[in-house]
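Trainee: Dropping a structure here in structure tokens format, bear with me for questions.
The values are calculated or read from the model by the stated rules, or taken from the named source; none is laboratory data. This is a predicted model, so every value here is computed, not measured. Positions of Cβ are backbone-derived with ideal geometry, glycine not excepted, and every protein chain shown enters the neighbour counts.
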Amino acid sequence: MKKLVLVVACLVVSVGALMAQAVNRKPLPIIDVHVHAMKVSPGFAVEMCPWFLKDMPGSDPTQNLQTSSFLNKDCVDPLKPAKSDEEMEKAVLETMERLNMTIVAYGDPQILRKWKKAAPNRVIPGIGVSSPKDMTVQAFTDSLSSGFYKVMGEVAPQYQGLSPSDMSLDGYFAAAEKLNIPVGIHMGTGGNGMANLTQAKYRASLGSPFLLEDVLARHPKMKIWVMHAGYPMADEMIALMGANAYVYVDLAGFIWSYPQAEIHAYLKRLVQAGFGKRILYGTDFMVWPKLFETSMSVIENADFLSFEQKRDIFFNNAVRFFRLDESKFK
Ligand SMILES: [Zn+2]
């Protein structure tokens, strides 16, 4: 009888310990490598339906296209934008804590510094240059040398009508290479009708992953990740990664704008071509706080990926790419 009591008591204690562990356990860490730290502007802070690019309407140049119509609000439960910088910061901090998430963020320097101050261990700051008009090579080098910025991004010459291998950008890449700073370059889709709407210099052809070959050859120690995974140019992306062993991709942007079947098909293609260890999770976060979870659900729902493959995308690949200390995430 005594023995039985002891066994029962032991069981109660160990079940209790297990439950306490389950309650206290943090979610497995996530690294989002593509977050825009933006000031909330009333013009852009509109509701948005994820996966809205499911049909490309046959518009006409005589119609007056609007950015807001491009974002499409025609769904049951559109994502709500943050209405102020304070609301945004609160939501981003709360989400990072709850999801055990670290972000690589870039954009407005003031917003970025505020976020970094509020969550020093969860924010990895980046600084982007997309055209020589943004800043001089010297100013850029000084910014990198200050130690605040750990990443060069988002670099988006495609929107400026420039190839990433254009020599006018070479000095910036040389600085990043010299200082061992990883570089994120926008390659691929800009959404539907970008060239008509707001970005007259945008060219789809300048999102060709092959355009990176010259800059990679000139800077063999530079580590780059191709933002938006060069979508939809899977063949070129696979060929480029095959030839260049240090090139990674992120899934940002297209993960919440194109239909899920299309996103899964593209992701599956990259994984089955053997690049599961070179895919980084990224949102292309802008103004909608729930966008983090919306985008993550696309990876969670990818039943062609194993648990380990999902963990690689959400975390392990970014630790390796950014040379982070894994023990700091425990
Ligand atoms: Zn981008």
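Trainee: Quick one: is Lys133 at pLDDT below 95 and away from the ligand (no atom under 16 Å from the Cβ)?
Mentor: yes
Trainee: Of (1) outside any helix (DSSP H, G or I); (2) surrounded by fewer than 20 Cβ atoms within 10 Å (Cβ to Cβ), Gly274 satisfies all except one. Which?
Mentor: (1)
Trainee: Could you count how many residues in region 168-213 are assigned to a helix (DSSP H, G or I), away from the ligand (no atom under 16 Å from the Cβ) and either without any contact (Cβ under 8 Å) to a residue 12 or more places away in the chain or β-branched (Val, Ile, Thr) (or both)?
Mentor: Number satisfying all stated conditions: 2.
Trainee: Starting from region 246-271, keep only residues that are farther than 29 Å from Val215 by Cβ, then list their pairs with residues that are more than 12 Å from the ligand (Cβ to nearest atom) and among the aliphatic types (A, V, I, L, M) whose Cβ atoms are within a distance under 8 Å, requiring at least 6 positions of separation or different chains.
Mentor: Pairs that qualify, where the first residue is farther than 29 Å from Val215 by Cβ and the partner is more than 12 Å from the ligand (Cβ to nearest atom) and among the aliphatic types (A, V, I, L, M), are Pro259/Leu53; Gln260/Val298; His264/Val298; His264/Ala302.
Trainee: Are any of the residues in region 112-131 of a type outside the set (Asp, Glu) and at positive phi?
Mentor: Scanning region 112-131, I find no residue that is of a type outside the set (Asp, Glu) and at positive phi, so the answer is no.
Every residue, every condition in (1) modelled with pLDDT under 95; (2) more than 23 Å from Met222 (Cβ to Cβ); (3) not small (Gly, Ala, Ser), yes or no:
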site: Leu251; (1), (2), (3): no, no, yes
site: Phe254; (1), (2), (3): yes, yes, yes
site: Ile263; (1), (2), (3): no, yes, yes
site: Leu267; (1), (2), (3): no, yes, yes
site: Val298; (1), (2), (3): no, yes, yes
site: Asp303; (1), (2), (3): no, yes, yes
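Residue by residue, here is whether (1) crowded, with 18+ Cβ neighbours inside 10 Å; (2) modelled with pLDDT of 85 or more; (3) in contact with a helix residue (DSSP H, G or I) (Cβ under 9 Å, 6 or more places away or on another chain) holds:
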site: Asp60; (1), (2), (3): no, no, no
site: Asn64; (1), (2), (3): no, no, no
site: Thr67; (1), (2), (3): no, no, yes
site: Lys73; (1), (2), (3): no, no, no
site: Pro81; (1), (2), (3): yes, yes, yes
site: Glu86; (1), (2), (3): no, yes, no
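Trainee: Looking at region 215-235 only, could you name the residues that are within 22 Å of Leu169 (Cα to Cα) and either within 14 Å of the ligand (Cβ to nearest atom) or part of a helix (DSSP H, G or I) (or both)?
Mentor: Within region 215-235, Val215, Leu216, Ala217, Arg218, Ile224, Trp225, Val226, Met227, His228, Ala229, Gly230 meet the criteria.
Trainee: Which of (1) within 16 Å of the ligand (Cβ to nearest atom); (2) buried (at least 23 other Cβ atoms within 10 Å of the Cβ); (3) more than 20 Å from Gly126 (Cα to Cα) does Met241 not meet, given it meets every other one?
Mentor: (1)
Trainee: Now, a different point. Considering only residues that are at pLDDT 85 or above and of a type in the set (A, V, I, L, M), look in region 16-45 and name the one that is farthest from Asn196 (Cα to Cα).
Mentor: Leu28
Trainee: May I pose another question? Within region 148-167, count every residue that is farther than 17 Å from Gln199 by Cβ, touching a residue at least 40 places away in the same chain (Cβ under 8 Å) and either more than 15 Å from the ligand (Cβ to nearest atom) or hydrophobic (A, V, I, L, M, F, W, C) (or both).
Mentor: Residues meeting the conditions: 3.
Trainee: Within region 244-293, how many residues are within 16 Å of the ligand (Cβ to nearest atom) and acidic (Asp, Glu)?
Mentor: Number satisfying all stated conditions: 2.
Trainee: Could you please tell me which pairs satisfy a Cβ distance under 6 Å, a separation of 6+ or placement on different chains, a first residue in region 100-122 that is under 15 Å from Gly184 (Cβ atoms), and a second residue that is surrounded by fewer than 17 Cβ atoms within 10 Å (Cβ to Cβ) and hydrophobic (A, V, I, L, M, F, W, C)?
Mentor: Qualifying pairs under 6 Å: none.
Trainee: Condition test on Asp312, is it farther than 30 Å from Met222 by Cβ, free of Cβ contacts under 8 Å to residues at least 40 places away in the same chain and acidic (Asp, Glu)?
Mentor: The answer is no for Asp312.
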